[in-house]
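The values are calculated or read from the model by the stated rules, or taken from the named source; none is laboratory data. In this text, all values refer to a predicted model and were calculated from it rather than measured experimentally. Note that each Cβ is placed from the backbone with ideal geometry, even for glycine, and that neighbours are counted across all protein chains shown. SASA here: full protein model, heavy atoms, side chains in, ligands and nucleic acids out. Shrake-Rupley method; radii C 1.70, N 1.55, O 1.52, S 1.80 Å.
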Amino acid sequence: MHPMLNIAVRAARNAGKILLRASEDLSKVDVQQKGTNDLVTNIDKEAEAAIRDTILKSYPDHTIVGEELGEHKGKDADYQWIVDPLDGTTNFIKGIPHFAVSIALKVKGRLDQAVIYDPIRGELFTASRGQGAQLNSKRLRVTKTNELAGSVLATGFPFKQKHHLDAYSEAFKALFVHTADIRRAGSAALDMAYVAAGRVDGFFEIGLKPWDTAAGELLVKEAGGMVVDFAGGINYNQSGNIICGAPKLTQAIIREIRPVLTESLLR
């Protein structure tokens, strides 16, 4: 294992212990609203602090960008860690056992290492650039599904951007009539990890942040998949609109939804 991936795994496991311990007594979790339909807990912050401490102990000069604690600017800007300490906060708060820790490392602007850790199931998804993707050390591949017929997709509703609901609904309908089914589980990081693992064939969502998708992006690519925006380009980090899956299936998703999307979603 790459030494920096090893540290990412250690950080994810440390955060996972905090999440597991807190999930056993949710009455002690302090929930606050940081935006419309956007919740944060003291546990998110505690888990991110543990991740930050673990990384900086080994790499004190690295930069860290986290969802909750913002940016820690290190002396060495070539190394940037992108952290979501608890992806699936609403699930966590409600006691739904489906959430994850997501950690990615960019080296000179390129994704280099990735970890998505599901502490409930003890599943550790990892990837190193050029070295493939693994689940608990077993190699991952996206499915060989080439068409929407018979496929199972994952998605997330635009709960933070409800002004896109009509366009999203049209895209959902355009896909749903062709697929076997569509799942909405509440954690984009795990959705993307599941694409990499071949558990679902593809995934699409509106309005995600880089910390939601960075680790999943490398996992999917290293598992042989494709990651694009709604126009089929690579602007997903700016737009937050993302599609991923096996390459031909991803193209099929684009073909179906492009005609029903608004101009703003195709940028």
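Taking all C-alpha pairs of region 1-137, those more than 18 Å from each other amount to 52 percent. For region 78-170, the percent of C-alpha pairs falling in each 10 Å distance bin, counted from 0 to the bin holding the largest distance, reads 13, 29, 38, 19, 0. Pairing the Cα long axis of helix 42-58 with the longest principal axis of the chain, what angle in degrees results, from 0 to 90 and rounded to the nearest 10? The angle comes out near 70 degrees.
Relative contact order, whole percent, for the chain stands at 16, derived from Cα pairs under 8 Å and 6 or more residues apart.
Take the alpha carbon gyration tensor of region 224-267, find the square roots of its eigenvalues, order them as a ≥ b ≥ c, and report rounded if a/c is under 1.5; if not, report prolate when a/b exceeds b/c, else oblate. Oblate is the answer for region 224-267, as a/c is 1.5 or above yet b/c matches or exceeds a/b. Protein heavy-atom accessible surface, 1.4 Å probe, per residue over the chain: 44 Å².
Apolar share of the accessible surface for the chain: 48 percent from carbon plus sulfur atoms, 1.4 Å probe. Assuming a ≥ b ≥ c are the square roots of the Cα gyration tensor eigenvalues, decide whether region 150-263 counts as rounded (a/c under 1.5), prolate (otherwise, with a/b larger than b/c) or oblate. Judged from the Cα gyration tensor, region 150-263 comes out rounded (a/c under 1.5). Residues W211, W81, sorted by accessible area with the largest first, give W211, W81 [1.4 Å probe; ligands and nucleic acids excluded]. One way to sum up the overall shape of the chain is the equivalent ellipsoid from its Cα gyration tensor, whose semi-axes run 28, 21, 18 Å, largest first. Residue ranking by accessible heavy-atom surface, 1.4 Å probe, largest first, among L20, L190 comes out as L20, L190. Pairs over the 23 Å Cα-Cα cut-off, from the set K17/K45; K28/K160; K173/K248; K57/K108; K45/K209; K45/K94: K28/K160. Per-residue packing, averaged as other Cβ atoms within 10 Å, sorts the ranges 253-261, 197-205 into the order 197-205, 253-261, beginning with the highest. Residues K34, K57, K94, ordered by accessible area of protein heavy atoms at a 1.4 angstrom probe radius and largest first, appear as K57, K94, K34. Taking Cα atoms only, the orientation of helix 210-222 departs from the longest principal axis of the chain by about 70 degrees.
Grab the beta carbon distance between R139 and D181, set R0 = 25 Å, and tell me the FRET efficiency rounded to 0.05. Before the final figure, lay out each step's value.
Values: r = 26 Å, r/R0 = 1.06.
Working from the Cβ atoms, E equals 0.40.
Taking 7 Å steps out from each Cα toward its Cβ at D30 and E263 produces label points 4.7 nm apart.
Averaging the sequence gap over all C-alpha pairs within less than 8 Å and six or more residues apart, then dividing by the number of residues, gives region 1-137 a relative contact order of 22 percent.
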